[in-house]
1. How long, wide and thick is the stretch 434-528, going by the Cα atoms along their three principal axes, in whole angstroms, largest first?
2. Mind checking the angle between helix 552-575 and the chain's longest principal axis? C-alpha axes, 0 to 90 degrees, to the nearest 10.
3. Using the basic label-point model (7 angstrom from Cα toward the beta carbon), what is the ARG399 to ARG542 distance in nanometres?
4. Amide H neighbours of THR458 under 5 Å, counting only residues 5+ apart in sequence or on other chains, H built in-plane at 1.01 Å?
5. Given +1 on the Cβ of Lys and Arg, -1 on the Cβ of Asp and Glu, and no further charges, what dipole in debye does the stretch 349-419 carry about its Cα centre, rounded to the nearest 20?
6. Can you compute the label reach from THR59? Point 7 Å from Cα along the Cβ direction, backbone N cut-off under 20 Å, restricted to the stretch 113-134.
7. Have a look at VAL369, ALA600, ASN301 and report the one farthest towards the positive end of the charge dipole of the chain, computed about the Cα centre with Cβ charges (Lys/Arg +1, Asp/Glu -1).
8. Give me the one-decimal nm value for the distance between modelled label points at ARG477 and LYS118, 7 Å along each residue's Cα-to-Cβ direction.
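The values are calculated or read from the model by the stated rules, or taken from the named source; none is laboratory data. Computed from a prediction, not measured in an experiment: that's the story for all the values here. Ideal geometry is used to build each Cβ from the backbone, glycine not excepted, and the neighbour counts take in all protein chains shown. Only protein heavy atoms, including side chains, enter the accessible area calculation; ligands, DNA and RNA are left aside. Shrake-Rupley method; radii C 1.70, N 1.55, O 1.52, S 1.80 Å.
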Amino acid sequence: MKFLKIAKEALRKQGRRLLSYSRSHPNAFMARFFMSFALAIMTAWGTYTILQPPSMPLTTFLEQVDAGKVESATISNEILNWDVDAVIGGKGYYVMVPPDGIDQAEGNQSRNITQVLKAAGVKIEFVDGLRSKIEKMGTIAAPIVMVIFVMLFFFFQMKDSSTAWMKIVKDVKVKFKDVAGADEAKGELREVMQLMTGELDFSATKARMPRGVLLSGPPGTGKTLLAKALAGEAGTSFIAVSGSDFRSMWYGGSQRRVRALFDYARSNRPCIIFIDEFDAIGAKRSEHNDVISKESNGTLNQLLVEMDGFHNNDGITIIAATNLADQLDPAVTRPGRLDRRVEVGLPTQNGREAILVVHCEGRAMAQDVSLSTVARGTPGFSGADLANLVNEAAIFAARDGRAEIRSVDLEAAKNKVIMGLERKSLQLTEEDRRLTAWHEAGHALAACLTEHSDPVHTATIVPHGRALGMVVSLPERDRVSITLAKLRDDLVVAMAGRAAEAEVFGDDMITSGAESDIQFATERATAMVTRWGFSDAIGMIRISDSHAANDQSVKEEIRDVVRKAYERARSLVGDNRTALDRIAEALLDQETISGEQVRAIAAVNAVAKAA
Ligand code: ADP
Ligand code: MG
Ligand code: ZN
């Protein structure tokens, strides 16, 4: 094998390829051989059993013997029984009989099947069970076994060397200019690109070239795009796989795929291997010894071996992407492996504007469009969300028969991206509509009357997805940390939906509609108590999730935080009943109202701010 590798290397340098060279591992070959063989035998056995004549119960058979209808019988000995292949009325039947006595004839003499048949004058043949089976199998099944074996053998071979599961782009068009914002990540990758192309030379200082880069960040922030742009700038091929692609239904299959990936990459240098969802393959190795853990540990080990340049990996750069960087095995990020880690976060306001500019390029925009306003109004949006927003706006404009995108299109598109798809088809009863209207009015009012919560952007009672209605609040600016005051106010806003239901319809009429509010409140309050040190009783200590779930005093604290928020919400809606009713009526009337409308109603009718 080693010799072949050297020979292949030499040939490649001369620009030629060694033909019919298969780099199958010898073990893989044997595994394939035996697996194909076993499956072929099993299939043949199945066919053989199906081809067996129909079976007949022993008692029925004996009746046929007595009636003199049995023409001939072939008896064969099996391990625990005898088999009789009988011909009755020209048809073959199969009867299973015990080898010892089955019949007590005259004088207490126990007779076995041979004696019974002989007495009845049936023509009997006795054969060796095993031998006759092998003979039958031989004639019926041997050709089938051969064909199936060959088919399976090549099928497994195919699975081995197939590259169909990899996405391969030879000529990448994406460039760094297509990636907006993400300046740090771009800077880092630009340096990698310069090293790849030799623009930057590390050899003078004997610095080590980074072998791989780990891009970590939430979905939709442009990690795939960055990796593609790197390939586009460096002019290399781009081989994209996903961590989940390595999950294989064959034992050892995922390791084979890792090998196949690197084999392919080595014969297509220079190239970039992009592994998306890297956590699916690079997660911490398990200490368990079950089959699944063994398989996934083996996959990661194989990947590390390949990355370590045990083989010659020059010209191969690995870019991995994940949003679960802290779950990776520490071995993955050791020097010589994915030794550069780049955070790709959600874009800032300037970043969002730049991304919008990139995606609006080549589209006609009306005079009234201000992308910086859109950028300001979309905190928390990822690059993918913004790309989606521009596309939806273009669809709105086209539906309206216009070639240019207007500000209203962008606004409508933004709502669509935030709220998801409307479910107009869901018909609500009048009672449900009223309950929903006051529930959402509660949220909206509380958002107006609490100082630190985010301003309302839209309130609606049109069902979206699983929600019957919703209030969307957008932060006024990008936020890095959250104050205790804001956390508390956010909880009041979350609890105000249920509080309004109870206030208006009575304590018995509250609904299940607060499920997601309760989930949000629980998660927030739990983090406040167990991670952010906001509980006096618990103190500034970090409590693990598993501990928090079982600790009574922690649960008591979490409950207390939520209960206080609910009490504040309840008195807020009670004190401002007129404002609450006006907002709910506006919702019943118009179904969707803007944040400005909510604020205008509250400004006129609200009497008390939140305590
Ligand atoms: P990730 O891999 O981080 O989940 P992607 O690279 O797949 O994100 O992004 C999906 C799409 O979103 C891209 O194809 C692109 O249209 C858009 N996008 C995301 N981030 C950016 C960005 N920084 N600049 C321009 N477009 C972006
Ligand atoms: Mg992606
Ligand atoms: Zn709610």
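1. Taking the Cα atoms of the stretch 434-528, the three principal extents are 38, 25, 25 Å.
2. Approximately 50 degrees, to the nearest ten.
3. It is 4.7 nm.
4. Those qualifying (amide H under 5 Å, at least 5 residues apart or on another chain) are VAL472, GLY595.
5. 80 debye
6. 113, 116-117
7. Going by the charge dipole, the pick is ASN301.
8. Distance between label points: 10.8 nm.
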